[in-house]
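The structure under discussion appears below in the form of structure tokens.
The values are calculated or read from the model by the stated rules, or taken from the named source; none is laboratory data. Since we're looking at a predicted model, the values are computed, not measured. Reconstructed Cβ throughout: ideal geometry from the backbone, glycine too, with neighbour counts over all protein chains shown. Just the protein is used for accessible areas: all its heavy atoms, side chains included, with ligands, DNA and RNA removed. Shrake-Rupley method; radii C 1.70, N 1.55, O 1.52, S 1.80 Å.
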Amino acid sequence: MTVSSTRDTSPINAKTERKALFALAVPMILSNITVPLLGLVDTGVIGHLPEAYFLGATAVGAMIITFITWFCGFLRMSTTGLVAQAFGSENQTQMFLVLSRGLIVALAIGVLMIMCQVPYIQFSLALAGGSEQVQYYAEQYASIRIWGFPASLCNLVILGWLLGMHKAKYAMWLLIITNVINLLLDLLFVIGFDWQVLGIAWATIIAEYTSFILGLYMVHKTIGLNKRQRQEIWSGLKQHLLDKAQLIPFVKLNRDIVIRTLCLEICFVFITFQGARLGDTVVAANAILLNFLLLISFGLDGIAYGAEARVGRAKGAKDQSALALSVNTALIFNGLFAVFYSLLFLFLGHWFITLLTSIDSVITYADQFLPWMVALPIVACWCYLFDGIYIGLTQAKAMRNSMVIATFGCFFPAWWLLQDFGNHGLWAAFTIFMASRGVTLGLHYQKHHHKFV
């Protein structure tokens, strides 16, 4: 079976679009939820150790690593958008060019971070602050996790490629299997071997390399080309891999996504580091709340991932009506899922907190911030979805501008004005930040959607 034969050529109407979106979104929702659930297990395992600084150290150490991983989210985003458009136009050579370029960039960044690990970790810890114990265990954690960068960054490219190829079930099993391995190793290393923070780090790095090997196998299964087709693709790769005319748009797209992601990461890091400066209990409670936020975002991103692939396909096929139908369908389901998440935290929020930690001071403090978790799904769901739409359209410039406005025009000014309210001021600023992202992208889409295809 060739790659192009998997393309859906059935007529596009509301019913078929709903089915197509669900075929992509449901597997990604199920698999995406395993990512924050793994974070919740990490938090729960560490949160039941006797001291709050273990949880705080894991949060700070993880943020040091995930800052780079999330910063390199452009590897997945640009890959999905470009491959989905190539899929829509049935351009096999372009599909593999995007994969090859992405893997080369991912490996280069991963090796560079390993080479620069000492100054990077030391600088990050100096910015983070926190108690002596938080600093000590966070350094241990980050020093192990950093060796997983080559695999974790390549995994972003592979995931993006599978999504762009409409192989949502492959992507689902890739994430689920990887996270189950990570979860089981968490329990073995932390509870069984009593490795504490080091156990979480080793479990994650083993899972990352397992995912890389499994992902390469899934790419191989997806390709399914005969000898003649492989030779044609390889000839095209050699000819166009470094083609300046194609590289310039590729670099510009990734540049804009990098700037967008960097702004987002600054906000998340600021929340974690500011919490560390407010005390061990605050940073521990914020670690739990951020895991709740990840649970929300990864679930809603399942709809956004489906929108990426469908919107990219419509643009590649130059089908304006299919684009409008994909966006409208995704908007409806996005809102429904947001309401579900709000109700989930309204009725079960306290129970979730008690699952993650047995430290009374952390439970009491985190309970005070549950209203933010109830409000955030409704407020933030629109920015998650429009991010997916704009990735599929490869309109990274608009995403960049929206994020810059939200970060420096909303988040930091709001925090400055509300900092006397302590951690509530921090979460209020973040809520304003998420709302502004959705508003700016929504207005931009309404004004320019007719120009995208």
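It is to be established whether one or more residues within the stretch 275-295 are free of Cβ contacts under 8 Å to residues at least 60 places away in the same chain, at positive phi and open to solvent by less than 40 Å² (accessible area, probe 1.4 Å).
Taking every residue of the stretch 275-295 in turn, at least one turns out to be free of Cβ contacts under 8 Å to residues at least 60 places away in the same chain, at positive phi and open to solvent by less than 40 Å² (accessible area, probe 1.4 Å).
Identify all residues within the stretch 261-274 that are open to solvent by less than 10 Å² (accessible area, probe 1.4 Å) and within 13 Å of the chain's Cα centre (by Cα); write none if there are none.
T261, E265
Which condition number does T357 fail, the rest of (1) closer than 30 Å to V45 by Cα; (2) surrounded by fewer than 19 Cβ atoms within 10 Å (Cβ to Cβ); (3) over 22 Å from the mean Cα position of the chain (by Cα); (4) not charged (D, E, K, R) being met?
Exception for T357: condition (2).
Any idea how many residues of the stretch 168-197 are out of contact with any helix residue (DSSP H, G or I) (no Cβ under 6 Å at 6 or more places or on another chain) and farther than 29 Å from L24 by Cα?
Residues flagged as out of contact with any helix residue (DSSP H, G or I) (no Cβ under 6 Å at 6 or more places or on another chain) and farther than 29 Å from L24 by Cα within the stretch 168-197 amount to 7.
How do the pairs read when you match residues in the stretch 208-223 that are on the phi > 0 side of the Ramachandran plot with residues anywhere that are open to solvent by less than 20 Å² (accessible area, probe 1.4 Å) and not aliphatic (A, V, I, L, M), using Cβ under 6 Å and keeping only pairs 6 or more apart or on different chains?
Here the result reads none, with nothing in the stretch 208-223 linked to a residue that is open to solvent by less than 20 Å² (accessible area, probe 1.4 Å) and not aliphatic (A, V, I, L, M).
Yes or no, residue by residue, for (1) among the aliphatic types (A, V, I, L, M); (2) closer than 28 Å to N286 by Cα; (3) surrounded by fewer than 22 Cβ atoms within 10 Å (Cβ to Cβ):
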| position | (1), (2), (3) |
| --- | --- |
| T394 | no, no, no |
| R400 | no, yes, yes |
| P413 | no, yes, yes |
| Q419 | no, yes, yes |
| L426 | yes, yes, no |
| I432 | yes, yes, yes |
| H444 | no, no, yes |
| H449 | no, no, yes |
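Hey, any hits in the stretch 147-165 for a residue that's surrounded by 24 or more Cβ atoms within 10 Å (Cβ to Cβ) and not in a helix (DSSP H, G or I)?
Within the stretch 147-165 (the criterion being surrounded by 24 or more Cβ atoms within 10 Å (Cβ to Cβ) and not in a helix (DSSP H, G or I)), the answer is yes, since at least one residue qualifies.
Is it the case that some residue within the stretch 120-138 is within 22 Å of the chain's Cα centre (by Cα), buried (at least 19 other Cβ atoms within 10 Å of the Cβ) and under 30 Å from L393 (Cα atoms)?
No; the residues of the stretch 120-138 include none that is within 22 Å of the chain's Cα centre (by Cα), buried (at least 19 other Cβ atoms within 10 Å of the Cβ) and under 30 Å from L393 (Cα atoms).
Just to be sure before I move on: is I378 under 23 Å from Y341 (Cβ atoms), in a helix (DSSP H, G or I), open to solvent by 50 Å² or more (accessible area, probe 1.4 Å) and in contact (Cβ under 8 Å) with a residue 12 or more places away in the chain in the structure I sent?
It is true that I378 is under 23 Å from Y341 (Cβ atoms), in a helix (DSSP H, G or I), open to solvent by 50 Å² or more (accessible area, probe 1.4 Å) and in contact (Cβ under 8 Å) with a residue 12 or more places away in the chain.
Just wondering, is there one or more residues in the stretch 306-316 that are acidic (D, E), part of a helix (DSSP H, G or I) and at negative phi?
The answer is yes, given that some residue of the stretch 306-316 is acidic (D, E), part of a helix (DSSP H, G or I) and at negative phi.
What about I104, is it in a helix (DSSP H, G or I), within 27 Å of I223 (Cα to Cα) and open to solvent by 20 Å² or more (accessible area, probe 1.4 Å)?
Criteria met by I104.
Could you grab me the full set of residues in the stretch 191-229 that are at pLDDT below 80, farther than 30 Å from T93 by Cα and open to solvent by less than 30 Å² (accessible area, probe 1.4 Å)?
Of everything in the stretch 191-229, just one residue is at pLDDT below 80, farther than 30 Å from T93 by Cα and open to solvent by less than 30 Å² (accessible area, probe 1.4 Å), namely V197.
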